[in-house]
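First up is the structure itself, then whatever we jot down about it.
Read the figures in this text as sums done on the coordinates, not as results from a lab. What you see is a predicted model, and the numbers here were worked out from it, not measured in a lab. Positions of Cβ are generated from backbone atoms using ideal geometry, with glycine treated the same way; all protein chains shown enter the neighbour counts.
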Amino acid sequence: MAFGLRLDLRQTQALVMTPQLQQAIKLLQFSNLELAQFVESELEINPLLERDERSEEGGEAPAPAEEIGDDAELAVTTAGAEGDGRLDFGGDPAAWQSAKMRPRQTEDLPGLEQTLSRPTTLREHLLEQLAVDIADPADRIVGAELIEMVDEAGYIAGSLDELAVRLACPVARILPVLERVQQFDPPGICARTLKECLALQLRDRNRLDPAMQALLDNLPLLAARDGAALVKLCGVDATDLAEMVAELKTLDPKPGLAFDPVLASPVVPDVTLRALPNGTWAVELNSETLPRVLVNRRYYAEVSGATRVKTEREYIAERLQQANWLVKALDQRAATILKVAREIVRQQDGFFRHGVQYLKPLVLRDIAAEIGMHESTVSRVTANKYIATPRGIFELKYFFTASVASTTGGMALSAEAVRFRIKALIDGESDAILSDDRIVELLHGEGIAIARRTVAKYREAMHIPSSVQRRRGTALFA
């Protein structure tokens, strides 16, 4: 066999993920908060980018959204979408430069701590009581360490054994201090378990008798609504047990939240939907969530013209390229979100008009096929994006549900609509408790083909007890 060298040409196709393409994909799946943080960081490092202050000062308003009817096409141009003039390259470089270099005027204002007031935190409240109720310095140190271990709900989060090692003392030295701290306000504070938290509150009310203690010792039976077993274990009749359960309901399982409540961060919708008088829908981007940036080409020309060093010219050219890319990426992101939201509204028109029972089965592939995009793009667009509708604020992913077949061969129903129907049947129970088998029969009678195990799965996902547990608790736990 002879060996030799030769030159061949081959043509192949490959997908090259450039850094900018990768960043554009990340931008697409960013929530509005993450996007705002990213744009803020770009404004800090790129001298050619500037925030568009005109929109904040009541400048030009976004273009109105067009309507969605039965056969209408939607072509919305709002802030951030192409054609509205916000993402331009104009601007006065002199004004841009002077505004950037002008120092802010400051005045002798009072300190923040002199003008603001805030409620006392749980930790401060407990430390105040510690300073008054415990005089021994060593006990105060132990008590302060225990207070540091209290979580936002008011429970001791951590092991006393680890605390004993950290303080170089036996656990027996810590327990008496813990008992004193557990007597602090609010009742139930510094407990280690739910059982102990409830017991502390009952002891504070002088209501912790042997029967109530037996009920606390069998909380799993209470959760299972096994009234017969609890009557036997507590040594009371059904009437007394019902009164004990009613008293437990008046207790606070998380006493610490009265001081440090968990603040739910508000959801800011990316898209808004409103009904128009002619019966169609208007879909538009929420301008408050769209970062508005400008690229100043005149300033670029001024700086690049005065630059003589090659590295500086390369730097300013790179900044211009990055600024242009960011403007284009933001524009494309806004247009893509709007396009996907429009198609979701068109597909789920019955839900918006008549309620959750009319929610259609929908998968990413259905939307991708209609708008000519890849499923992965639709998945990124719908992640962490919300739409404000007349029926509330929903994540875009909410509208994608599996299908449940129809017994009549008609249109399939969405799993969410079936769950809604199951809950409605159970909520409508009176004396006749519906078993899962009976629910299956009723749903089959309505044309919904569903298995018993599916009903049980949906019921458990909605945290609805079984028919046996509901039957047990009808009288005792009403």
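Here's the list of lysines a cross-link from K232 could span, going by alpha-carbon distance under 27 Å and ignoring same-chain residues fewer than 8 apart: K195, K249.
Applied to the stretch 134-149, the Karplus parametrisation 6.51 cos²θ - 1.76 cosθ + 1.60 on θ = phi - 60° returns per-residue 3J(HN,Hα) values of 10, 9, 5, x, 5, 5, 5, 5, 4, x, 5, 5, 5, 5, 5, 8 Hz, with x for Gly and Pro. Distances between placed amide hydrogens fall under 5 Å for I448 paired with T407, all partners being 5 or more residues away or on another chain. Near the amide H of T401, within less than 5 Å, lie the amide hydrogens of L362, all on another chain or at least 5 residues away, with H placed in the peptide plane. Taking the charge dipole of the stretch 401-476 about its Cα centre, with +1 at Lys and Arg Cβ atoms and -1 at Asp and Glu Cβ atoms, the residue from Y458, S403, I439 reaching farthest to the positive side is Y458. Among L49, L43, the ranking by other beta carbons within 10 Å of each residue's beta carbon, starting with the fewest, stands as L43, L49. Computed 3J(HN,Hα) for the stretch 233-239, one whole-Hz value per residue from the Karplus formula 6.51 cos²θ - 1.76 cosθ + 1.60 where θ = phi - 60°, is 6, 7, x, 10, 8, 5, 5, glycine and proline marked x. Both the radius of gyration and Dmax for the stretch 306-385 are 20.2, 69 Å, in that order, over alpha-carbon atoms.
Cβ crowding within 10 Å, taken as a proxy for footprinting-reagent exposure, orders C169, C190 from fewest neighbours to most as C169, C190. Amide hydrogen proximity for G154: with H placed 1.01 Å from N in the peptide plane, the residues at 5 or more positions away or on another chain lying under 5 Å are G256. Summing Cβ point charges (Lys, Arg +1; Asp, Glu -1) relative to the Cα centre of the stretch 122-258 gives a dipole of roughly 220 debye. Centre-to-centre, using Cα atoms only, the stretch 150-184 and the stretch 203-267 are separated by 24 Å.
Along each principal axis, taking the top coordinate minus the bottom one, the Cα set of the stretch 122-258 gives 50, 27, 23 Å in descending order. Each residue of the stretch 326-340 was assigned a 3J(HN,Hα) from its phi angle through the Karplus expression (A = 6.51, B = -1.76, C = 1.60, θ = phi - 60°), giving 5, 4, 5, 5, 5, 5, 5, 4, 4, 5, 5, 4, 5, 5, 5 Hz with x at Gly and Pro.
Among K423/K457; K26/K360; K339/K385, which pairs are too far apart, with a Cα-Cα distance over 18 Å? Violating the 18 Å limit, Cα to Cα: K26/K360. Just so you know, the Cα atoms of the stretch 401-476 work out to an Rg and Dmax of 12.6, 44 Å.
Would you calculate the convex hull of the Cα atoms in the stretch 359-433 and tell me its volume per residue in Å³?
Working: hull volume 9.9 nm³, N = 75.
Hull volume normalised by residue count: 132 Å³.
How would E318, E395 line up from fewest to most surrounding beta-carbon atoms within 10 angstrom?
Working: E318 11, E395 16.
Going from sparsest to densest Cβ surroundings: E318, E395.
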